[in-house]
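Working notes, structure below.
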Amino acid sequence: MHWIRHSSYEKQIKERGSAIFLAPMLILMIVYLMGFLLDLGDALTKATDLDQSVEMAAASATTQVSKSSFYETGSIKLNPADAYLVASSELQNSLPAETRLIKPVTVVTIGPADCVRGTVSIRLPFRLIPGSADRVTYSTSSAAIAKGVSTSTVPSC
């Protein structure tokens, strides 16, 4: 009987040290998970900010009405060159922090409407996974229509 108690005591002593190895691994996994979630949240926030920036750029581009078309025929059409300049300037000025355009801004005008597309590279602050890229690419587009047009149907981009 005494021998059984003694062997169970030795077994407890041998197993007592296993928690020393598990605790650091658990802490390391939690740190990696927190870094991943912070990177993901930061990228999603910047992607949402880019969506808003592209919407503002599209709305700004619709202010560039072709004066000749308006005064000659009374129709509202956008001036493609001016719409491009205004949209690209607006998008450049309102980009979220630590993002950069990786493709030129695309502005397509269709009569009184426009479609603006922007593609950016978003820098990830932590990048804890070895060998992974420190940037992700995000692309979005938005369409808008000039005021004073009898239709409210915006073309799809």
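Values quoted throughout were computed directly from the atomic coordinates according to the rules given, and no laboratory measurement underlies them. Computed from a predicted model, the values in this text were never measured in an experiment. All Cβ positions, even for glycine, are placed from backbone atoms using ideal geometry, and neighbour counts span all protein chains on display.
Here are the numbers for this structure:
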item	result
Length released on extending from Ile27 to Cys157, taking residue separation times 0.36 nm less the Cα-Cα span	42.2 nm
Largest-first principal axis extents, alpha carbons of the chain, Å	109, 27, 17
MRE, 222 nm, helices only [DSSP H, n ≥ 4, -39500 (n - 2.57), over the chain, to nearest 500]	-17500 deg cm²/dmol
Span-like helix ranges in the chain, DSSP H, alpha carbon extent 27 angstrom or more, Kyte mean at least 0.5	18-61
Efficiency of FRET from Cβ geometry, Ile102 and Met34, R₀ 22 Å, rounded to 0.05	0.20
Cα Rg over Rh - the stretch 86-157, Kirkwood	1.13
Relative contact order computed over the chain (Cα-Cα under 8 Å; 6+ residues apart), in percent	23 percent
Computed label-point distance, nm, for sites Ala133 and Ile20 using a 7 Å Cα→Cβ extension	4.4 nm
Mean projected area (nm²) of the alpha-carbon convex hull when the stretch 38-97 is viewed from all directions	4.2 nm²
